[in-house]
Structures are given as C-alpha cells and as structure tokens.
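S.K.: First the structure, which I've put down as structure tokens, then a few questions once you've had a look.
The values are calculated or read from the model by the stated rules, or taken from the named source; none is laboratory data. Values in this document were obtained by computation on a predicted structure and should not be read as measured data. So basically every Cβ, Gly included, is an ideal-geometry build from the backbone, and we count neighbours across all protein chains shown. Side chains included, ligands, DNA and RNA excluded: accessible areas come from the protein's heavy atoms. Shrake-Rupley method; radii C 1.70, N 1.55, O 1.52, S 1.80 Å.
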Amino acid sequence: MSDFYRVRRLPPYVFEQVNRLKAKARAAGADIIDLGMGNPDLPTPRHVVEKLVETAGKPRTDRYSASKGIAGLRRAQAAYYERRFGVKLDPDSQVVATLGSKEGFANMAQAITAPGDVILAPNPSYPIHAFGFLMAGGVIRSVPIEPNEEFFRAAERAVIHSIPKPIAIVVCYPSNPTATVASLDFYRDLVRFAKKHDIFILSDLAYAEVYFDDNPPPSVLQVPGAMDVTVEFTSMSKTFSMAGWRIGFAVGNERLLSALARVKSYLDYGAYTPIQVAAAAALNGPDDCIKEMRSIYKKRRDVMVESFAQAGWKIPAPSASMFAWVPVPEKFRALGSVEFCKLLIEKADVAVAPGIGFGEHGDDYVRLALVENEQRIRQAARGIRRFFDGADETLHNVIDARARA
C-alpha cells in the first residue's frame, strides 16, 4: 500500500491509535465515555424522518438521482441562505448538493488542483481541509487559525514565498477543532486579501447553526463581491443531526461550482432521492428543532465546563460548534496529545480526540465533543478527577518515561 502515490502522501491516521485502545477497553468490559468523535447523538427531527418514509418506495425514487442534487433540494438551500444570511443564490448555477461537506471539499480539491498547486490552510484544522488537496497533488502552506492580524501577516508571507502562487485559501469558522468564530469584518478583510492576490476562498461553515449566544456566525458570502472568489460548504449533519444521511452543500462562485459538478458527474449519481427530499423538508420546515439542538448542546457545554473544573481541568467555554478545544494539563503536556489521550482511556475511561490529529500545532490540545448527555459528562469528570488525584503516585514512572521518549 505504501507504494501508491496518494496513500504515500497521507500520514498515519493518529485517531486510529486512540480508536484501537478504546475498542480494546470496551471489549474488556470498560464503560468508555466517548467525547472523541463529533458524531451527533441527537435524533433526526421527526418530520424529516417521516418525509423520508413517505418518499421511499414511490415510483422512480429508487432510480439514479441527480449528481448535483434534485432541483427542490437546491431551491431549499438557496431559500435557507436568503433567510439566514440575506444572500441570494441561483439554485441552478450557484448551489451543488454534496454527499456531506467532507465529500464536497475533497471533490473540489480534485476539480481545481494541479500537481504542485499551493493551498493555504489553517493549522490546526479539520483533516480534509489539508489532505483533500494533498491527495489531489497539491502543496499545503499553513496559516494560523485565529481570525486576527497575525492570520493575514502569515497569509501575506505565504503568498510572497510560495512558488507557484497559492490558488486558494481555506477557512473554517466556527472552527473544527478550535471552536473559534470569525466576524463579518474579518471576512471583509479576507475577501480583499483574496481579490488582491487573485486566489479563491473555500469556506467551511458546517457549524453555522451551532452557537450559544445571540450572535449567529456570519457567512463570508454576506460580503459584497465575495461571490466572485468564494465557495462555501455547509452540512445537514450537525444542524439537523443527519450525519449518517450524508447531505451537504457547496454554494457560491459559478465557475468553481461548475468544475465541482463536472467532477461529481463522473464519480457519483447523488444521494438517494428520498434522502434529498427529506433534506429539503428539513430546510423548508420549522426551526424549533434547531433551537432545541442549540439548547441541548449549550447545557452540555455548561455542565462540562463546571464539572471538569471541579475535577481540576479548566475547559475554555466555546461560544459555538459542538467542541471544546482544551489544553492538555501542564503535568501531562510533555507526553503529547496522543499519549495523554491513551492515559485518559486507560485510567479515566474517557476518550477524547488528540490535537495532533488536526495538525502539528494542535499537539498541546485535545478536542472534546458534546456528544454525551449531561449525566455521562459528569461521570466523565468523576473519572478524570480520580485519574488526576492518583496520577502522582501511580504514573510518575510512566509520565517520566513517556515524556523522554
């Protein structure tokens, strides 16, 4: 396998080390509380499931669907963007339905990347933001994740020192994994930067509806002129707890979306038609389920912050997304995030995601997902407290040895 070109470009999947240990512990009877994968545990809204059931088995719905999405689904997404962001989209030319935003990113990379093309991507970031382009033969230059002046200073340096000049810059706000949120002022500066350097913006807005205050995250497409240089990716996975349904969208610049649609036409026939019909019903339906989702995640966030602090681990409270991005406690930091995650499974029966899986700049952190109920989060905090309280006596040799390794 290591001889294959694209596989050679991928590093070992660090999450797999934690997954193997988690599976081994569960096989031995351990009750592992899994805060690692951002896999929503909330049910898909009832009216969405009912629309799927109503549509499945009807004449013609079992046939091949439309690769770029059925017309009704693309119209529903365009209507959502107008309601939520005040952005008008042509559903025929400025909306493409994807098999989740992850597939959309990967196929956009295939569509626009030539071997050796340079892409600017945040570090740390969700893996597909970098590896989709690496698999397509591109080269990644890292920029900081924080949407501030240093982001643009680093991006300017990357443009100056990259040969060839970068073709695109990736952003993700609210961020996976860091939960960072960007302002509309940042997006205005980003659009100016992209037009100045003649590069595209690829924006991941998968967590647009998962926020915990009265300040909804904006879309870069709200900036006048952004449509000239931008494609934005969204997902049904978190907003409607439809992760396994695999429905997302790419919207924005017609030239980029035409390239994406052409690539997809060779690779897939789109999602199962009843799923697309149900997704349209979700977008066109009431938003009570979205408000309830936000309320549940906010309560879980608050319980996590409170109970983990009592356990001796301070959790920065995220203002959006379903994740907390948390520094590894100082006592364990020299081990690195993977070894610390292994210890949490072994000693606390808690699984979290190692920060290095999102880039080398994430190794001092772990990502915690709000995918367990409040009782289980408090149970996780109790396990962590027992681990921390006994670490000096039971792990002094382990910590010292692993830190030196």
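S.K.: Filter the range 31-52 down to the residues that are over 19 Å from the mean Cα position of the chain (by Cα), touching a residue at least 60 places away in the same chain (Cβ under 8 Å) and not in a loop (DSSP other than H, G, I, E, B) and list them by number.
M.R.: Residues satisfying the conditions are 33, 47, 48, 49, 51, 52.
S.K.: Still on this structure, please answer the following. Tell me whether the range 5-21 contains one or more residues that are open to solvent by 100 Å² or more (accessible area, probe 1.4 Å), out of contact with any Gly (no Cβ under 6 Å at 6 or more places or on another chain), within 18 Å of residue 369 (Cα to Cα) and in a loop (DSSP other than H, G, I, E, B).
M.R.: Looking through the range 5-21, none of the residues is open to solvent by 100 Å² or more (accessible area, probe 1.4 Å), out of contact with any Gly (no Cβ under 6 Å at 6 or more places or on another chain), within 18 Å of residue 369 (Cα to Cα) and in a loop (DSSP other than H, G, I, E, B).
S.K.: I'd like the full set of residues that are open to solvent by less than 10 Å² (accessible area, probe 1.4 Å), under 14 Å from residue 144 (Cα atoms) and outside any helix (DSSP H, G or I), limited to the range 180-203.
M.R.: Hit for the range 180-203 is 182, nothing else.
S.K.: If you don't mind, another one. Would you say residue 228 is surrounded by fewer than 20 Cβ atoms within 10 Å (Cβ to Cβ), acidic (Asp, Glu), modelled with pLDDT of 95 or more and out of contact with any Pro (no Cβ under 9 Å at 6 or more places or on another chain)?
M.R.: On the way: surrounded by fewer than 20 Cβ atoms within 10 Å (Cβ to Cβ): yes; acidic (Asp, Glu): yes; modelled with pLDDT of 95 or more: yes; out of contact with any Pro (no Cβ under 9 Å at 6 or more places or on another chain): yes.
Criteria met by residue 228.
S.K.: Determine whether the range 107-114 contains at least one residue that is at pLDDT 95 or above and out of contact with any helix residue (DSSP H, G or I) (no Cβ under 7 Å at 6 or more places or on another chain).
M.R.: As a first pass, look at the range 107-114 and keep what is at pLDDT 95 or above: 107-114.
Remaining after also requiring out of contact with any helix residue (DSSP H, G or I) (no Cβ under 7 Å at 6 or more places or on another chain): 114.
The answer is yes; a qualifying residue exists.
S.K.: With the requirement that a residue be under 25 Å from residue 263 (Cα atoms), of a type in the set (Gly, Ala, Ser) and not in a loop (DSSP other than H, G, I, E, B), what does the range 55-108 give you?
M.R.: If the condition is that a residue be under 25 Å from residue 263 (Cα atoms), of a type in the set (Gly, Ala, Ser) and not in a loop (DSSP other than H, G, I, E, B), then 71, 72, 76, 78, 97, 100, 101, 104, 106 are the ones that fit.
S.K.: In the range 152-209, what residues are of a type in the set (Val, Ile, Thr) and touching a helix residue (DSSP H, G or I) at 6+ places or on another chain (Cβ under 6 Å)?
M.R.: Restricting attention to the range 152-209, the residues satisfying the condition of being of a type in the set (Val, Ile, Thr) are 159-160, 163, 167, 169-171, 178, 180-181, 191, 199, 201.
Across the range 152-209, the qualifying residues are 159, 170, 191, 201.
S.K.: Checking residue 240 against (1) out of contact with any strand residue (DSSP E or B) (no Cβ under 9 Å at 6 or more places or on another chain); (2) surrounded by fewer than 24 Cβ atoms within 10 Å (Cβ to Cβ), which test does it fail?
M.R.: Of everything listed in (1) out of contact with any strand residue (DSSP E or B) (no Cβ under 9 Å at 6 or more places or on another chain); (2) surrounded by fewer than 24 Cβ atoms within 10 Å (Cβ to Cβ), residue 240 misses just condition (2).
S.K.: Please give the number of the condition residue 390 fails out of (1) open to solvent by 10 Å² or more (accessible area, probe 1.4 Å); (2) touching a Gly at 6+ places or on another chain (Cβ under 8 Å); (3) not aliphatic (A, V, I, L, M).
M.R.: (2)
S.K.: Moving on to the next point. Return the residue satisfying two criteria in turn: it lies in the range 101-135 and is open to solvent by less than 10 Å² (accessible area, probe 1.4 Å) and closer than 19 Å to residue 264 by Cα, and of such residues it is nearest to the chain's Cα centre (by Cα).
M.R.: 129
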